[in-house]
1. When the range 238-254 is examined, which residues are found to be touching a Ser or Thr at 6+ places or on another chain (Cβ under 8 Å) and either open to solvent by less than 50 Å² (accessible area, probe 1.4 Å) or on the phi > 0 side of the Ramachandran plot (or both)?
2. Spot the failing condition for Val161; the list is (1) surrounded by fewer than 18 Cβ atoms within 10 Å (Cβ to Cβ); (2) farther than 16 Å from His66 by Cβ; (3) of a type in the set (Val, Ile, Thr), and only one is missed.
3. Taking Tyr113 as the residue in question, decide whether it is hydroxyl-bearing (Ser, Thr, Tyr), open to solvent by less than 40 Å² (accessible area, probe 1.4 Å) and not in a loop (DSSP other than H, G, I, E, B).
4. Run Pro97 past the list (1) modelled with pLDDT under 95; (2) assigned to a loop (DSSP other than H, G, I, E, B); (3) open to solvent by 50 Å² or more (accessible area, probe 1.4 Å) and report the number of the one that doesn't hold.
5. Filter the range 226-237 down to residues that are of a type outside the set (Asp, Glu), surrounded by fewer than 17 Cβ atoms within 10 Å (Cβ to Cβ) and outside any strand (DSSP E or B), then give me how many there are.
6. Consider Ser121 carefully, then state whether it is open to solvent by less than 30 Å² (accessible area, probe 1.4 Å) and over 15 Å from the mean Cα position of the chain (by Cα).
7. Consider the range 200-209. How many of its residues are touching a residue at least 40 places away in the same chain (Cβ under 8 Å) and either hydrophobic (A, V, I, L, M, F, W, C) or open to solvent by less than 50 Å² (accessible area, probe 1.4 Å) (or both)?
8. Residues being in contact (Cβ under 8 Å) with a residue 24 or more places away in the chain, surrounded by fewer than 20 Cβ atoms within 10 Å (Cβ to Cβ) and of a type outside the set (Gly, Ala, Ser): count how many of those fall in the range 27-46.
Amino acid sequence: MTENGFRAEEIDTSRPHPARIYDYLLGGKNNYEVDREAGDRLAAAAPEVWSGVRANRDFLRRAVRHVVDSGIRQILDIGTGLPSSPNVHEIARELAPDVRVAYVDNDPIVNTYANVLLRGSAATSIALADLRDPRAVLDHPEVRQVIDFDQPVAVLLVAIVHFLTEAEQPERVVATLRDALPAGSFLVLSHATDDFADRSAASAVYDSATATLSLRSRDRIERFFDGFTLVEPGLTEVPFWRPDAPPPTRPGEIGYYGGVARKIG
């Protein structure tokens with residue numbers, strides 16, 4: 001058993017993991033050959049993936065700044081992936097040093113790296129948990145250590161819900177998180193789509209990974225925001241959500257939608 005509460009044999013490096021593929025596509029080094037091979041196959045099937053992951057990361061940065069500017073001082077980042085600077089707590093604390101952040105991921109390797117990064121910070125925690133069991137995420141002691149669900153929280157589901165299959169009831173998962181949040185809380189969500197091109201070959205890359213990829217349409221993704229009120233400009237392609245510089249791509253070139261919404265009541 002490791003100090004983080006899992007056994008070494010639980011770390012599966014024989015199959016690609018979405019967090020490590022994403023790390024590779026972002027230019028990170030915390031990945032394995034199996035992840036790099038999967039990332040290369042993904043890019044061969046959908047060349048825009050290189051710019052897409054960066055556009056998604058930029059969307060995360062702008063969305064975090066928006067919720068902190070709106071008064072949020074607690075962030076629950078589920079499916080955080082491997083640390084990639086600037087991390088969510090770094091972005092948030094540029095605006096408000098008192099922001100508390102709980103990171104959640106189901107990959108023990110992510111947990112290990114994040115624990116090293118966050119060691120010694122009482123206002124930041126990392127929980128080894130799985131979005132498929134949202135109640136366990138909400139009740140995890142590492143989450144409860146920094147998040148007070150009696151006060152508004154921003155929940156980040158960035159590039160993670162598309163790894164939930166229909167059988168795993170993604171609407172139920174998101175609704176469970178929503179129902180735990182008080183008024184004034186936010187949902188930040190981005191999701192891969194095949195609205196603009198046939199991406200069945202790209203999706204198939206994940207068939208051998210630790211989670212499969214479920215691409216969904218804009219209308220379907222918008223349903224995840226039920227019970228929230230989308231802030232302007234609503235659910236858009238991620239480069240066009242409140243850009244702080246001219247978007248580097250044209251509409252339809254990036255296969256991600258993103259949106260930010262507030263729980264009013």
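The values are calculated or read from the model by the stated rules, or taken from the named source; none is laboratory data. Note that the coordinates shown come from a computational prediction; the quantities given were computed from them, not determined experimentally. Because the Cβ atoms are built from the backbone with ideal geometry, glycine has one as well, and the counts that use them run over all protein chains shown. We work out accessible area using only protein heavy atoms, side chains counted, and drop any ligands, DNA or RNA first. Shrake-Rupley method; radii C 1.70, N 1.55, O 1.52, S 1.80 Å.
1. Within the range 238-254, the subset touching a Ser or Thr at 6+ places or on another chain (Cβ under 8 Å) is 238-239, 248-249, 253-254.
Selection gives Val238, Pro239, Thr249, Ile254.
2. Condition (1) is where Val161 drops out.
3. Working: hydroxyl-bearing (Ser, Thr, Tyr): yes; open to solvent by less than 40 Å² (accessible area, probe 1.4 Å): no; not in a loop (DSSP other than H, G, I, E, B): yes.
No; evaluated as a whole, the condition is false for this residue.
4. If we test Pro97 against (1) modelled with pLDDT under 95; (2) assigned to a loop (DSSP other than H, G, I, E, B); (3) open to solvent by 50 Å² or more (accessible area, probe 1.4 Å), just (1) comes out false.
5. At the first step, the residues of the range 226-237 found to be of a type outside the set (Asp, Glu) are 227-231, 233-236.
Then keep just the ones that are surrounded by fewer than 17 Cβ atoms within 10 Å (Cβ to Cβ); that gives 227, 229-230, 233-234.
Okay, now just the ones that are also outside any strand (DSSP E or B), so 227, 233-234.
The total comes to 3.
6. Numbers: open to solvent by less than 30 Å² (accessible area, probe 1.4 Å): no; over 15 Å from the mean Cα position of the chain (by Cα): yes.
So Ser121 fails the test.
7. Quick first cut of the range 200-209, residues touching a residue at least 40 places away in the same chain (Cβ under 8 Å) only: 201-202, 204-206, 208-209.
Then keep just the ones that are either hydrophobic (A, V, I, L, M, F, W, C) or open to solvent by less than 50 Å² (accessible area, probe 1.4 Å) (or both); that gives 201-202, 204-206, 209.
Residues that pass the stated criteria total 6.
8. The total comes to 2.
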